[in-house]
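Since every read-out is calculated from the coordinates, none of them should be taken as a lab result. This structure is a prediction, so every number in the text was calculated from the model and none was measured. Cβ sites come from the backbone with ideal geometry, for glycine too, and all protein chains shown count toward neighbours.
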Amino acid sequence: MNIGLIVVIIAAALILLTQVPKWLLPKGSTLSAVQAKQWMKDAADLQVIDVRSKPEAMRARIAGSKLIPLPELDSRMGEIDKAKPVLVYCASGGRSSAALAKLLKAGFKAKHMGGGISAWIGESYPVQG
């Protein structure tokens, strides 16, 4: 087996391990970009968390969002107020679904944006970066 194929297999496995199947998430916990934008408008105390890497967030991010990369979420969960609702997003919804599962398990009132920043940009919503 060549090294390139091994790298591709390992990368694919890592991606799959960070995604939570939709059927395992509570009903109503996945929002479209349109629903997420409306929630941001309606909930003044909403905390928006970006779980992508710093280089990804520097290219484009939702204004006012807090960057907590998924690998750091467990150690930085104390930075998120449990009394306020949380919206998490990533590039396309995979990492944010994993973050959502962690947050819900820890007792947060949270939802994630399926489609991530890609869906947000697809709706022509503004970004920073």
**OP:** Sort out for me the strands (runs of 3 or more DSSP E) sitting completely within the range 46-129 that have 3 or more residues that are over 21 Å from Ser29 (Cα atoms).
**Re:** none
**OP:** Just give me the residues in the range 36-63 being without any contact (Cβ under 8 Å) to a residue 24 or more places away in the chain and either closer than 20 Å to Gly122 by Cβ or among the aliphatic types (A, V, I, L, M) (or both), in sequence order.
**Re:** Gln38, Lys41, Ala44
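The rows are residues; the columns are (1) touching a helix residue (DSSP H, G or I) at 6+ places or on another chain (Cβ under 7 Å); (2) surrounded by 13 or more Cβ atoms within 10 Å (Cβ to Cβ); (3) charged (D, E, K, R).
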residue: Pro55; (1), (2), (3): no, no, no
residue: Ile62; (1), (2), (3): yes, yes, no
residue: Pro71; (1), (2), (3): no, no, no
residue: Met77; (1), (2), (3): no, yes, no
residue: Ala83; (1), (2), (3): no, no, no
residue: Ser97; (1), (2), (3): no, yes, no
residue: Leu103; (1), (2), (3): no, yes, no
residue: Gly114; (1), (2), (3): no, yes, no
residue: Ala119; (1), (2), (3): yes, yes, no
**OP:** Please enumerate the residues belonging to the range 32-53 that are exposed (fewer than 13 other Cβ atoms within 10 Å of the Cβ) and either among the basic types (Lys, Arg) or closer than 13 Å to Gly116 by Cβ (or both).
**Re:** Lys41
